[in-house]
């Protein structure tokens with residue numbers, strides 16, 4: 001089953017690139033901590049969430065949005 005992660009990782013490669021190391025030379029222990037405690041967990045969580053959204057889920061949402069935008073309200 002195709003999911004949102006499959007789609008985005010194919011067309012938006014930059015979304016899944018590792019975060020740039022910003023303080024590695026000045027403070028490698030801070031860099032390692034930030035990388036492990038924040039960025040790694042964030043990457044894992046985003047990947048897990050996107051893998052739960054199927055292509056079918058996305059198409060259903062598109063159809064819902066199509067139907068909502070075609071409604072006309074008169075006051």
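Computed from the coordinates by the stated procedures, all read-outs in this text should not be read as laboratory data. Nothing here was measured: the structure is a model prediction, and the numbers come from that model.
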- For every helix of n ≥ 4 consecutive DSSP H residues, a contribution of -39,500 (n - 2.57) applies; sum these over the chain, divide by its total residues, and give [θ] at 222 nm rounded to the nearest 500 deg cm²/dmol. -16500 deg cm²/dmol
- By how many degrees, 0 to 90 and rounded to 10, does the Cα axis of helix 55-69 deviate from the longest principal axis of the chain? 50 degrees
- For helix 40-51, report the angle its Cα long axis makes with the longest principal axis of the Cα atoms of the chain; keep it between 0 and 90° and round to the nearest 10°. 20 degrees
- Message: Among [x] 1.04; [y] 1.25; [z] 0.99, only one was calculated for this model; which label is it, if the read-out is Rg/Rh (Cα atoms, Kirkwood Rh)?
- Response: [y]
